[in-house]
1. Taking 1 over the mean of 1/r across every pair of different Cα atoms in the stretch 1-128, what Kirkwood radius in Å do you get?
2. Quick one: order 141, 1, 54 by neighbouring beta-carbon count within 10 Å, fewest to most.
3. Tabulate in residue order the Karplus-calculated ³J(HN,Hα) for the stretch 123-130, using 6.51 cos²θ - 1.76 cosθ + 1.60 with θ = phi - 60°, rounded to whole Hz; enter x for Gly and Pro.
4. In sequence order, what are the phi-derived ³J(HN,Hα) couplings for the stretch 209-217 according to the Karplus relation 6.51 cos²θ - 1.76 cosθ + 1.60 with θ = phi - 60°, rounded to whole Hz, with x for glycine and proline?
5. Starting from the alpha-carbon convex hull of the stretch 68-179, give the projected area averaged over all orientations, in nm².
6. Which entries in the list 100/276; 25/281; 65/198 go over 30 Å, if you measure between the two C-alpha atoms of each?
7. Over the stretch 153-204, with a single point scatterer placed on each C-alpha, what log10 of the ratio I(q)/I(0) does the Debye formula yield at q = 0.24, 0.26 1/Å?
Amino acid sequence: MQVSGECFPYSKTGGLADMVGALSKALAARGTQVQVVTPLYRGIARKFKEIQPMDWALELEMGDKMVSGKLYTLNPQPNLTIYFIEQPDYFDRPGIYGEKSEDYEDNSERFLFFSKAATNLARYLTDAPDIVHAHDWQAGMVPAMIQHQHMREGWYPAPTTCFTIHNLAYQGNFPSDSFSYTNLPSDYFGPHGVEFYKQVSFLKSGLIFADQLTTVSPKYAKEILTEEFACGMGGVLNARAESLCGILNGVDYEDWNTLQNPNLDATYTVGKMDGKRCKRKVCRRCWDFPVNRMYPCWDWWDDWLIKKGWIFCCQRFMQHWMAISNLCCSEVECHFIRKDLNGLQGIILIRWR
């Protein structure tokens, strides 16, 4: 069972959705029975009309109140079932995590409900999973909930848990009063639990309580054990180093296909690059970049994070003239891009999502 706050093609803000969607498809194609649990965000049911309601009512304790939800399912291919968690107050919103560059104030409550719903499914489904694979902070509380129900509430046999770190910088840290929504015993909130500098850390929960930890590449698995890249989680990660491994992310070539892709004006392959040169000319005209000189063009849709190496690459390559286009997501990010690349040769075009 994959538990993820995003899953392509149903919802996506970044690479997390791509990885979960592609991995699930690949495992199912190899004959593994795969379940994916993800929220039913606004517009999903309207776009994917094959989604069906399931006779499964969710009544989950959230602090001192009960919150209800519903379950919807979809079977996009053999061996693959998508379970969508419907809770309109939490998920029927314009954004996934927020709006206008501001996170929703109740994200802790929203994704605790989601984590409890996924845990409920893992325990009570007829075809209960052998492994629950939680992804990033949005599902980081799932391993803690499974361990608690196994150790103190008689869930036996409980599934093995795996937690994948897609980006350690996003930790799901919330005020300490968010802990009340977990309904876990107070001893889970402490240095050896989900507490992180007096906050509740969803990501730390995954790091502490999952049986196995993975991340997106062998190199990143080594990097996050160092102080520079540990994002404050170095002590926890090094204590779990024997349970941590890096597995290089794959690519779904049905989606990332440059030969048969209706989204491309011209197709290309490694052995035939004419289409890419044609596309490059179209992009230069679209961006109003100079066409009377030869120079490299970069275009990316990504967070402007120093640890992702963009600044390093730009500082090296922009010793020579080049053009960069970045689709950034906020005014703050726009400011830092201009600041970091100030004084380098070339053109920097910043577009808005």
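1. Mean inverse Cα-Cα distance, inverted, gives 15.0 Å.
2. The most exposed by this proxy come first: 54, 1, 141.
3. Rounded to whole hertz, the list is 7, 10, 4, 4, 9, 4, x, 7.
4. 9, 6, 5, 9, 10, 9, 9, 7, 6
5. With every direction weighted equally, the projected area is 8.6 nm².
6. 100/276; 25/281, as the Cα separations exceed 30 Å there.
7. -0.99, -1.04
Values quoted throughout were computed directly from the atomic coordinates according to the rules given, and no laboratory measurement underlies them. Being a predicted model, the structure only gives us computed values, none of them experimental. For neighbour counting, all protein chains shown are included, and Cβ atoms are generated from backbone atoms with ideal geometry for every residue, glycine included.
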